[in-house]
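Only one structure is covered here, and it is reproduced in the block below.
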Amino acid sequence: MRRGDREVLLIVDVQNDFCPGGALAVPRGDEIVPAVNRLAAEFTHVILTQDWHPRGHASFASSHPGKQPFDAVDLSYGVQILWPDHCVQGTQGAAFHPGLDVPHAELVLRKGFRSTIDSYSAFRENDRRTPTGLANYLRERGFERITVCGLATDFCVFYSAIDGREAGFAVDIATSACRGIDMDGSLALAMRSMSEAGVTIRAE
Ligand code: VGL
Ligand code: ZN
């Protein structure tokens, strides 16, 4: 029996650039693909997110002379970590991992498409004000519980889970179908913050 019409699986950024060999590879990011596929088969309703940046995006170190990937800079909305160029619109790096097998996904939500604002969360951009529209989409469709999986646990999965709670949804994260980047303890901090926000951490 698949999960019912109140539940949705949100699969975050399972894209080539976040897998080994990609521009911003999450260690062992590709290992989650079978677990993501198994989980997706349990859900009637599945949504994919796709990190989708224009060339020259403000989150790319290459857009900031003298800066290196993983440095931080102040942008108009606050501190932004700089990344290698990744998930450029229309490139192979931005494509979903070829092993991802989710033909029944109902929505592909692209994010990070504004050249001056990054977007980790599927709900709102890194200025923490610009909505993606997902909260109202989910409400209008009657969903109450979101299970989040994908890449990276401590960035896009984390912000999506926190913002899902803040928008009033029950949120689970499926840790066996997630992998983190883990910069300076970011993974432990993300796990603790999610627990404190009332996100249910599911290990299976
Ligand atoms: C992500 C850094 C930059 C992610 C996306 O999917 O977690 N991280 N863009
Ligand atoms: Zn990105």
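Considering only residues of region 40-49 that are in a strand (DSSP E or B) and out of contact with any Lys or Arg (no Cβ under 7 Å at 6 or more places or on another chain), which is surrounded by the fewest Cβ atoms within 10 Å (Cβ to Cβ)?
Going through the qualifying residues, I end up with VAL46.
Residues being surrounded by fewer than 22 Cβ atoms within 10 Å (Cβ to Cβ) and out of contact with any Lys or Arg (no Cβ under 9 Å at 6 or more places or on another chain): count how many of those fall in region 9-29.
Qualifying residue count for the region: 4.
Going through region 108-126 one residue at a time, which ones are more than 11 Å from ligand 1 (Cβ to nearest atom) and in contact with a helix residue (DSSP H, G or I) (Cβ under 7 Å, 6 or more places away or on another chain)?
Scanning region 108-126 gives LEU109, PHE123, ARG124.
Would you check which residues across region 27-61 are among the small types (Gly, Ala, Ser) and closer than 23 Å to ASP154 by Cβ and list them?
Result: GLY29, ALA35, ALA40, ALA58, SER59, ALA61.
Can you name every residue in region 1-40 that is hydrophobic (A, V, I, L, M, F, W, C) and without any contact (Cβ under 8 Å) to a residue 24 or more places away in the chain?
Scanning region 1-40 gives MET1, ALA25.
For the list (1) touching a Cys at 6+ places or on another chain (Cβ under 8 Å); (2) outside any loop (DSSP other than H, G, I, E, B); (3) of a type in the set (A, V, I, L, M), I need the number of the one condition that VAL26 fails.
It is condition (2) that VAL26 fails.
Restricting attention to region 120-128, does a residue exist that is touching a strand residue (DSSP E or B) at 6+ places or on another chain (Cβ under 6 Å) and surrounded by 22 or more Cβ atoms within 10 Å (Cβ to Cβ)?
Looking through region 120-128, at least one residue is touching a strand residue (DSSP E or B) at 6+ places or on another chain (Cβ under 6 Å) and surrounded by 22 or more Cβ atoms within 10 Å (Cβ to Cβ).
Pull out all pairs, ordered by first then second residue, where Cβ-Cβ is under 6 Å, the residues are six or more apart or on different chains, the first lies in region 192-204 and is in a loop (DSSP other than H, G, I, E, B), and the second is of a type in the set (Val, Ile, Thr).
Going by the 6 Å Cβ cut-off, the qualifying pairs are ALA197/ILE162; VAL199/VAL171; VAL199/ILE173; ALA203/THR175.
For region 50-87, give me the residue count where each residue is within 22 Å of GLY150 (Cβ to Cβ), acidic (Asp, Glu) and either exposed (fewer than 15 other Cβ atoms within 10 Å of the Cβ) or modelled with pLDDT under 95 (or both).
Residues that pass the stated criteria total 0.
Identify the residue in region 158-178 that is more than 18 Å from ARG129 (Cα to Cα) and aliphatic (A, V, I, L, M) and, among all such residues, is farthest from ligand 2 (Cβ to nearest atom).
Among residues in region 158-178 that are more than 18 Å from ARG129 (Cα to Cα) and aliphatic (A, V, I, L, M), the one farthest from ligand 2 (Cβ to nearest atom) is ALA170.
Tell me, yes or no, whether region 88-103 has at least one residue that is surrounded by fewer than 19 Cβ atoms within 10 Å (Cβ to Cβ), in contact with a Leu (Cβ under 6 Å, 6 or more places away or on another chain), under 25 Å from ALA41 (Cα atoms) and of a type outside the set (Phe, Trp, Tyr).
No: zero hits.
The values are calculated or read from the model by the stated rules, or taken from the named source; none is laboratory data. All figures in this text were calculated on a predicted structure; none of them were measured in a lab. All Cβ positions, glycine included, derive from the backbone under ideal geometry; neighbour counts span all protein chains shown.
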